[in-house]
């Protein structure tokens, strides 16, 4: 977890994000290696998606990034624990200066339990979003691989609203904190106290 999230196909909040993605000079480079951006629907690991990060001019903008750090001989690494990211070799540099925020409409989690009628294991898919209206901003870290950016999503212990689903959840920030989170000079530890914990979970069709 988190291994899937969803992007709505339209809406005024998404328009500037998609426009920023289209303007990125990185898009032709990703297309040259066979990676096309996913701008709506369900997002899976290794997809290329819009991500907010700091630019070289000291501002923030949308960049295309691939979800997952490449790991030789293993599946991509898609998540990092917020509590230990500063200490782990794979994440130290990202935690210190290469932070990003991933826009999403909601994320998915699966409840694993037993069917009360058959006693067999079952998986039930839930869509989870903040109770407040608006985008989710999932906190992440990024790095360059072969000159192109990729990211992982940070996770934390779950809020009471979703603890029945899993023992981890994404680190989600309010929209007005996302731009500050990605600035290299910001102190990342202080944002943990700002995490969104009021969530709504419902079964996904």
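Quick look at the values:
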| item | result |
| --- | --- |
| Estimated distance in nm for a label pair at residue 185 and residue 61, the labels positioned 7 Å out from Cα along Cα-to-Cβ | 2.0 nm |
| Mean separation of Cα contacts under 8 Å, 6 or more apart, over the residue count of the chain: relative contact order % | 23 percent |
| MRE, 222 nm, helices only [DSSP H, n ≥ 4, -39500 (n - 2.57), over the chain, to nearest 500] | -3500 deg cm²/dmol |
| Estimated inter-spin distance, residue 97 and residue 40, nm [label 7 Å along Cα→Cβ] | 3.9 nm |
| Estimated FRET transfer efficiency when R0 is 41 angstrom, pair residue 29-residue 131 (beta carbons, to 0.05) | 0.60 |
| Helix 14-23 vs. the chain, principal-axis angle (Cα, 0 to 90°, nearest 10) | 40 degrees |
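All of the numbers you see were taken from the coordinates with simple rules; none came from a lab. Small disclaimer: the values here were computed from a predicted structure and weren't measured. For neighbour counting, all protein chains shown are included, and Cβ atoms are generated from backbone atoms with ideal geometry for every residue, glycine included.
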